[in-house]
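Data block below; observations after.
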Amino acid sequence: MKTIKRAAAVLSVIAGLALAWPVAAAEALKIGLILPMSGPFAAYGKQIESGVRLYLKQNGEVFSGRQVELIVRDDTGVAPEVSKRAAQELVVKDKVDILAGFGLTPSAFAVAPIATEAKKPMVVMNAATSAVTTKSEYIVRTSMTLPQNAAPIASWAARNGIRKVFTVVADYGPGLDAEAQFKKTFSAAGGEVVGEVRTPMKNPDFSPFLQRIKDLRPEAVFLFVPAGEQGIAFMKGFAERDLAGAGIKLIATGDLTDEDVLDAIGDPALGIINSFHYAESHKSPENKAYVEAYYKAYPKQRPNFMSVAGYDGMHLIAEVLKKTGGNADGDKFIEAAKGLKWLSPRGPVSIDPVTRDIVQTIYIRKVERVAGRLQNVEFDQVPDFRDPGKP
Ligand code: PHB
């Protein structure tokens, strides 16, 4: 009896070793996600992480034989030093293969030199200042750029009889990009920017600007502020001072009417025309499946552009590893990412082989109530649109 037991034990150890062998042979794929998980932009971190984890849930946690291991680090929002330290630790201590995430531009700018020095791929899942991808050869972006979204709404406004616009943007990278591109496209189409303000990133008070704009009576205001609380505050002031009643339209990039804050803005959002690359209401089989799976996994969150960029970022990593046979070496990774094409929940996308930025359809949308819920309803589009902000 004893001998039989011992033999069985030996056999099970051998079987265990055999099973363990292929796993041990392929090292885990460590992905360091640097995201704002606390502070005023904590929603970005939550949404991007949700998109990332949904991709793993649907596609499995093994990419080309390598077990995916996520390490999430909170950079608290606009805190470049914190993002930088997180990246250094992820590279040196945790020995990650890939740096990913980046909710805000200052964070992506701060980490770019580390990606270059360590030769690690850096997958940007939100930070949307055009210049981000020029800061390191190892950066590839799956979100958008502000010029990419500002140009189509400027063209739309000019085509639809709007001649005089006042621009309001957050005073940092993406805001300055949005302002410059809006002005360029709108002026070239015969429009005129009759006034502009840049609002502070910390606790902006929009009321004095809104009064000035009301007195000036432009035909429309063009707005970019980072998605979230700032847009809610702006809309509150816009409604309270009744700029709409004074005949002033509001146009924006879709950061303003992001599904995550649309319900909080409420009825004042109705009718806002805006341009963006993703809408929960986008009509395609891929998006239908995405939205259903998202609500199933996270019943209390609405799928939005941040979650999709996280989801697509993971898709990019998975596809790149298929091409490299599981190798995440920085140079090989970036070479394989160039020119990659896929069907995202937002529509067809590809990675520009020269800029490593995303090429995608930009939709013109109007906020409407659909089945009792505020939605961005797409009614026009600019397909295969590259970032016009690059030289
Ligand atoms: C950015 O910091 O790059 C950023 C943040 C929020 C947005 C867009 C861009 O909605």
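Throughout, read-outs are computed from the coordinates displayed, never taken from laboratory work. What you see is a predicted model; the values in this text were computed from it and never measured. Ideal geometry is used to build each Cβ from the backbone, glycine not excepted, and the neighbour counts take in all protein chains shown.
Normalised by 2.2 N^0.38 Å, where N counts its residues, the alpha-carbon radius of gyration of the range 105-146 equals 0.99.
How much FRET efficiency would the formula 1/(1 + (r/R0)^6) give for Glu368 and Glu192, where r is the Cβ-Cβ distance and R0 is 30 Å, rounded to 0.05? Computed FRET efficiency for Glu368 and Glu192: 0.55.
Using only the C-alpha atoms, the convex hull of the range 54-102 corresponds to 82 Å³ per residue. Ordered by the number of other Cβ atoms lying within 10 Å of each residue's own Cβ, fewest first, Ser350, Ser155 fall into the sequence Ser350, Ser155. Judged by the mean number of other Cβ atoms found within 10 Å, the most tightly packed of the peptides 107-118, 184-195, 142-153 leads the ranking 142-153, 107-118, 184-195.
Here the chain is described by how far its Cα atoms reach on the three principal axes: 94, 45, 36 Å, from widest to narrowest.
Mean-square fluctuations from a GNM of the chain, with a 10 angstrom spring cutoff on Cα atoms, peak among Ala26, Ala127, Ala157 at Ala26.
Note on the range 212-339: Cα-Cα pairs beyond 21 Å make up 54% of the total pair count.
Average projection, convex hull of the Cα set of the range 116-263: 9.5 square nanometres. Mean sequence separation of contacting Cα pairs (under 8 Å, at least six apart), scaled by the length of the range 31-107, corresponds to a relative contact order of 49 percent.
For a quick check, take a GNM of the chain with Cα springs below 10 Å and name the residue from Phe224, Phe102, Phe41 with the largest mean-square fluctuation. For the chain, modelled as a Gaussian network with Cα springs under 10 Å, the answer is Phe41. Peptides 333-340, 72-79 ranked from most to least packed by the mean count of surrounding Cβ atoms within 10 Å: 72-79, 333-340. Ordering 372-383, 356-367 by mean Cβ neighbour count within 10 Å, with the highest value first, yields 356-367, 372-383. In summary, the helical segments of the chain meeting the span-like criteria, namely a full DSSP H run, a Cα extent along the axis of 30 angstrom or more and a mean Kyte-Doolittle hydropathy of at least -1.0, are 2-25. Averaging 1/r over each pair of different alpha-carbon atoms in the range 60-191 and inverting the result gives 16.4 Å, the Kirkwood hydrodynamic radius. Summary value for the chain: 17 percent relative contact order, contacts being C-alpha pairs under 8 angstrom separated by 6+ residues. Gyration tensor analysis over the Cα atoms of the range 22-89 returns equivalent ellipsoid semi-axes of 26, 16, 5 Å (largest first, whole Å).
Average 1/r across all pairs of distinct alpha carbons in the range 140-212, invert it, and you get the Kirkwood radius: 13.0 Å.
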